[in-house]
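This is the structure I have questions about; it appears just below.
Each value in this text was obtained by applying a stated rule to the coordinates, not by laboratory testing. Keep in mind that this is a model prediction, so the values were computed, not measured. Note that each Cβ is placed from the backbone with ideal geometry, even for glycine, and that neighbours are counted across all protein chains shown.
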Amino acid sequence: MKIIVINCGSSSVKYQLFDMDGPAILAKGVVEKIGLNGSFIKHESNGSKNTFEGEIIDHQAGIEYMLGILISKEHGCISSFDEIDAVGHRVVHGGEKFNSSVLITDEVIAMLEECIQLAPLHNPPNLSGIYAMSSLLPNVPQVGAFDTAFHQTMPDHAYMYAIPYSLYTKHAIRRYGFHGTSHRYVLRRALEILAGRNVGRIITCHLGNGASVAAIVDGKSVDTSMGLTPVEGLVMGTRCGDLDPGIITYVMQCEDIGRGTVNTLINKHSGLLGVSGVSSDMRELEAASAKGNERAQLALRMFRYRIRKYIGAYAAAMGGVDVVVFTGGIGENSDSTRYEIAKDMEFLGLEFDKDKNAGVRGEEKIISKDGSRVTAMVIPTDEELVIAQDTEAIIRAEK
Ligand code: ADP
């Protein structure tokens, strides 16, 4: 079975074509700068990488261009669209309506339209991808996999905010959490790798440009650091994470700015970038910090400190912890970040192994000492594979 996984952002479409019999990736790439000057597609298949330029005015045009490349003689890997059995879409916000991936039907699309107000930046491009595929490949079934779905198992005391209850009933304001597909993938790998060991209470740390921590008991998410939107929780590349809500109205008053500007401020100009003034990118911050840039050093200390606080909080919430997993671009690659977060955690039962951790990049590895009661590990995430597998399972069940 061949499945194409699509992840539509506001001006980009990431894609991967899987042959599920491997599973193997037949082609992957990204359509960039949709609707902007200088749009292009970076495409990889058959071991070669190519860039295709051209005016791409919207998601549908980008997807059509990409599909054309997939069947082209020179750069393609399939002979016709008939070879594509299904499409799997990443959908950011499923609200309370979706607790697992679903076959996309007219009813599901109507429910997704209702979720737009919860994620006005993310869900519209996801829907554009669904509409584009419906018109370009009308006979191919589509599946939606939601970033929020995995966290739908949280208990109410974890997902409710202490604001008037009517705001929940009227506007669905509650914690939803994101990165669910990634937390679910690394959980599954941790369970496979640690089969037979004590793994009841797991803390998964997805540390990329966006970052979140999840507390997982017996395979179910019981808490997570992102909230109604992805801005809550950890210090991120450009998002502030946890904040005294009073700051928002105070800054609006002091700086005389409106809600749009304050929203941009907490989402795009804060986090590592806002504090350091250097970059939102961990590699650039580590380089600046090594050269003695004090604000880069402060940003790094804040980033790690916030993660340590969440690990401590979630260990308390779960009555202990058995496994701590690091994933995402930073969690998978930055050994110094992992070390600074997880050293001195013997009080929790975690004996970190500095030597095992050193130099681990993008590979599955246990980084706690042999005999440590709590296992620390690195697991590279693979959200696209999860979406492809969910899609395959749903399509097979439908047949
Ligand atoms: P996204 O959330 O956009 O998917 P990623 O998961 O790819 O992001 O993570 C991007 C982050 O990972 C960036 O801050 C980048 O600097 C960091 N990163 C990638 N490789 C390394 C590395 N070798 N060392 C430190 N940080 C890294």
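For residue 319, work out the one condition from (1) within 16 Å of the ligand (Cβ to nearest atom); (2) over 20 Å from residue 233 (Cα atoms); (3) more than 23 Å from the chain's Cα centre (by Cα) it doesn't fulfil.
(1)
Shifting gears a bit: With the structure loaded, tell me whether residue 270 is of a type outside the set (A, V, I, L, M, F, W, C), under 24 Å from residue 338 (Cα atoms) and within 12 Å of the ligand (Cβ to nearest atom) or whether it fails that test.
Details: of a type outside the set (A, V, I, L, M, F, W, C): yes; under 24 Å from residue 338 (Cα atoms): yes; within 12 Å of the ligand (Cβ to nearest atom): no.
No, not satisfied.
Check residue 11 against each of (1) touching a helix residue (DSSP H, G or I) at 6+ places or on another chain (Cβ under 6 Å); (2) surrounded by 13 or more Cβ atoms within 10 Å (Cβ to Cβ) and name the one condition it does not meet.
Among (1) touching a helix residue (DSSP H, G or I) at 6+ places or on another chain (Cβ under 6 Å); (2) surrounded by 13 or more Cβ atoms within 10 Å (Cβ to Cβ), residue 11 violates only (1).
Which one of 83, 74, 64 is free of Cβ contacts under 8 Å to residues at least 12 places away in the same chain and farther than 29 Å from residue 226 by Cβ? First the steps, then the outcome.
Working: 83 fails: free of Cβ contacts under 8 Å to residues at least 12 places away in the same chain; 64 fails: free of Cβ contacts under 8 Å to residues at least 12 places away in the same chain.
Within the list 83, 74, 64, the selection yields 74.
So, in region 384-399, exactly how many residues are touching a residue at least 24 places away in the same chain (Cβ under 8 Å) and either in contact with a Lys or Arg (Cβ under 7 Å, 6 or more places away or on another chain) or assigned to a loop (DSSP other than H, G, I, E, B) (or both)?
Qualifying residue count, region 384-399: 2.
With respect to residue 127, is the statement that it is in contact with a Phe, Trp or Tyr (Cβ under 7 Å, 6 or more places away or on another chain) and farther than 21 Å from residue 212 by Cβ true?
On the way: in contact with a Phe, Trp or Tyr (Cβ under 7 Å, 6 or more places away or on another chain): no; farther than 21 Å from residue 212 by Cβ: yes.
No; evaluated as a whole, the condition is false for this residue.
Within region 173-186, count every residue that is among the basic types (Lys, Arg) and in a helix (DSSP H, G or I). Lay out the reasoning, then the answer.
Taking region 173-186 first, the residues among the basic types (Lys, Arg) are 174-175, 184.
If we keep only those that are in a helix (DSSP H, G or I) too, we end up with 184.
Going through region 173-186 one residue at a time, the tally reaches 1.
Could you check region 82-96 and list, in sequence order, the residues that are under 16 Å from residue 70 (Cα atoms) and in a loop (DSSP other than H, G, I, E, B)?
84, 85
Only one of these is among the small types (Gly, Ala, Ser), surrounded by 19 or more Cβ atoms within 10 Å (Cβ to Cβ) and part of a helix (DSSP H, G or I): 29, 62, 68. Name it. Talk me through it step by step, then tell me what you get.
Numbers: 29 fails: part of a helix (DSSP H, G or I); 68 fails: surrounded by 19 or more Cβ atoms within 10 Å (Cβ to Cβ).
Just a single option satisfies the conditions, and that option is 62.
Those residues that are crowded, with 17+ Cβ neighbours inside 10 Å, under 24 Å from the mean Cα position of the chain (by Cα) and among the aliphatic types (A, V, I, L, M), I need them from region 140-172; list them, please.
143, 145, 149, 154, 158
To continue, here is another question. How about region 187-231: which of its residues are part of a loop (DSSP other than H, G, I, E, B) and within 16 Å of the ligand (Cβ to nearest atom)?
Residues of region 187-231 part of a loop (DSSP other than H, G, I, E, B): 194-200, 208-210, 218-219, 225-231.
Within region 187-231, 208, 209, 210, 225, 226, 229, 230, 231 meet the criteria.
Does region 91-98 include one or more residues that are loosely packed, with under 15 Cβ neighbours inside 10 Å and out of contact with any Gly (no Cβ under 9 Å at 6 or more places or on another chain)? Break it down into steps so the answer makes sense when it comes.
We begin by selecting, within region 91-98, every residue loosely packed, with under 15 Cβ neighbours inside 10 Å; these are 96.
Adding the requirement that they be out of contact with any Gly (no Cβ under 9 Å at 6 or more places or on another chain) leaves 96.
Looking through region 91-98, at least one residue is loosely packed, with under 15 Cβ neighbours inside 10 Å and out of contact with any Gly (no Cβ under 9 Å at 6 or more places or on another chain).
Just the residues that are in a loop (DSSP other than H, G, I, E, B) and either aliphatic (A, V, I, L, M) or away from the ligand (no atom under 16 Å from the Cβ) (or both), please, taken from region 278-315. Step through it out loud before you land on a result.
Of all residues in region 278-315, those in a loop (DSSP other than H, G, I, E, B) come to 278-281, 291-293.
Those that are in a loop (DSSP other than H, G, I, E, B) and either aliphatic (A, V, I, L, M) or away from the ligand (no atom under 16 Å from the Cβ) (or both): 278, 292.
Still on this model: Mind telling me which of the residues 301, 259 ends up being among the basic types (Lys, Arg), under 30 Å from residue 373 (Cβ atoms), exposed (fewer than 15 other Cβ atoms within 10 Å of the Cβ) and more than 21 Å from the chain's Cα centre (by Cα)?
Details: 259 fails: under 30 Å from residue 373 (Cβ atoms).
The match here is 301.
A quick yes/no check of all residues on (1) free of Cβ contacts under 8 Å to residues at least 60 places away in the same chain; (2) among the aliphatic types (A, V, I, L, M); (3) farther than 17 Å from residue 384 by Cβ:
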site	(1), (2), (3)
128	no, no, yes
154	no, yes, yes
158	no, yes, yes
178	no, no, no
